[in-house]
Amino acid sequence: MSLNGAGGMTKPWIGVLSSLTTRLDLHLLTLPSWIGDLSPRWQLRETPAWCPCCLSSWRESGLPLYQPLLWMIRVVTICPHHKTPLIDHCPRCQKPQLVFASSKTQSGECTFCRYWLEKDANAPSDQEVSNEHMAWQDWIWATLKELQAASFTAGILTWELFFRHLASYLKEQKGYSRLAQATGIDRTVLYRWVDPDDTYSPSLETILKFCYVCQVTPLQVMNGQLDPLQLVVQRGTGLRSPLPSRQNQRINRERCQMALQAALESQNEPMTLTQVAQQVVVCRPPTRLSFS
Ligand SMILES: [Zn+2]
Ligand SMILES: [Zn+2]
């Protein structure tokens with residue numbers, strides 16, 4: 001996963017792959033082409049996630065199966081094409097997937113039990129995604145696309161512009177308290193966002209939640225288009241409601257039963273109860289996101 005990101009390994013790998021393939025655009029397959037110079041920490045998942053419907057439709061159309069970078073970004077939890085939750089564990093053995101499969105495993109197969117990870121018409125259906133969550137995800141796709149398009153034309157985006165514009169606006173408007181109240185982000189944290197001497201860097205998810213509530217995109221803030229903030233500062237409430245708090249997580253019973261059955265039937269070394277419980281945790285349906 002480091003190769004997709006912006007760590008020390010990414011550039012050397014791009015260099016090696018570029019000389020092997022003679023392609024000069026491989027950097028566009030890495031996270032900075034989407035989120036610029038924002039800290040890559042915690043932005044990508046630790047193990048792959050995928051859309052079973054995409055895998056099915058690619059196979060039916062004779063297209064190669066691959067892992068789009070969009071699926072790796074933590075804040076993206078729904079497939080933009082099929083509007084269904086991304087999956088991050090095998091429906092049969094319940095294991096998260098390895099990034100690199102062995103040569104015996106084909107694309108689209110579980111890297112442990114070789115079960116097809118595509119959409120299974122007989123599988124229990126996933127929990128419905130709430131309208132609120134779908135609206136949030138719709139906005140995220142559009143916003144990430146906007147950032148990516150800007151990167152293509154203007155080069156890697158610089159977040160310093162985002163924080164500088166926000167700082168000068170808030171200094172004039174004295175709007176820290178109102179903005180904190182509207183977005184649910186602590187006022188002292190907002191001070192840290194805009195303090196050039198503070199090394200603290202908010203996550204992409206927190207910035208996106210801030211912008212979502214204020215109905216402004218990160219690119220607009222980078223370009224100094226802060227008009228929507230005026231309304232938020234005047235009213236002291238968000239233009240959109242803050243995303244709902246994390247609700248009590250319900251358990252997908254069918255998946256849990258499958259996970260427990262898989263643990264009982266496994267030929268591997270017996271797992272501890274804690275390990276079984278950790279696998280059962282992934283059986284929870286997708287949850288709403290909150291400011292945390
Ligand atoms: Zn899909
Ligand atoms: Zn499996």
Completion exercise
Relative contact order in percent for the chain (Cα pairs under 8 Å, 6+ apart) equals 17 percent
Exercise for the section: Multiply the residue separation of Glu269 and Arg164 by 0.36 nm, subtract the distance between their alpha-carbon atoms, and state the gained length in nm to one decimal. Expected result: 32.3 nm
Completion exercise
In degrees rounded to 10, the 0-90 angle between helix 10-21 Cα long axis and the longest Cα principal axis of the chain is 60 degrees
Handout entry: Simple spin-label estimate for Ala101 and Gln225 in nanometres, 7 Å along Cα-Cβ
Key = 4.2 nm
Fill in the blank from the handout: From the cross-link list Lys119/Lys145; Lys11/Lys171; Lys11/Lys145, the entries with a Cα-Cα span beyond 29 Å are Lys11/Lys171
Exercise for the section: Quantify, in whole percent, the carbon and sulfur part of the accessible surface of the chain (1.4 Å probe; protein heavy atoms only). Expected result: 53 percent
Fill in the blank from the handout: Which of Gln106, Gln67, Gln94 fluctuates most in a GNM of the chain (C-alpha springs under 10 Å)? That residue is Gln106
Fill in the blank from the handout: Computed over the chain, the distribution of all Cα-Cα distances in 5 Å bins, rounded to whole %, is 1, 5, 10, 14, 15, 15, 13, 10, 8, 5, 3, 1, 0, 0
Exercise for the section: Using a Gaussian network model of the chain whose springs link C-alpha atoms within less than 10 Å, name the residue from Lys104, Lys95, Lys83 with the highest mean-square fluctuation. Expected result: Lys104
Handout entry: Descending principal axes extents, region 2-131, alpha-carbon based, whole Å
Key = 44, 38, 27
Practice task
On the full set of protein chains, 1.4 Å probe, figure out the accessible area of Phe100 and give it in Å² to the nearest 10.
Solution key: 150 Å²
Practice task
Would you mind working out the accessible area per residue for the chain, using a 1.4 Å probe, and quoting it in Å²?
Solution key: 57 Å²
Completion exercise
In nm, the gap between the two label points placed 7 Å beyond Cα toward Cβ at Val276 and Arg41 is 3.7 nm
Fill in the blank from the handout: Along the dipole axis of the chain (charges at Cβ: +1 for Lys and Arg, -1 for Asp and Glu; origin at the Cα centre), the most positive-end residue among Leu24, Gly62, Ser203 is Ser203
Practice task
Please state, to two decimals, what the Cα-based radius of gyration of region 1-51 comes to when divided by 2.2 N^0.38 Å (N = residues).
Solution key: 1.17
Handout entry: Long-range amide H partners of Leu157 with built H, under 5 Å
Key = Gly36, Asp37
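The values are calculated or read from the model by the stated rules, or taken from the named source; none is laboratory data. None of the values given here were measured: they were computed from a predicted structure. Because the Cβ atoms are built from the backbone with ideal geometry, glycine has one as well, and the counts that use them run over all protein chains shown. Ligands, DNA and RNA are excluded from the accessible area calculation, which covers all protein heavy atoms including side chains. Shrake-Rupley method; radii C 1.70, N 1.55, O 1.52, S 1.80 Å.
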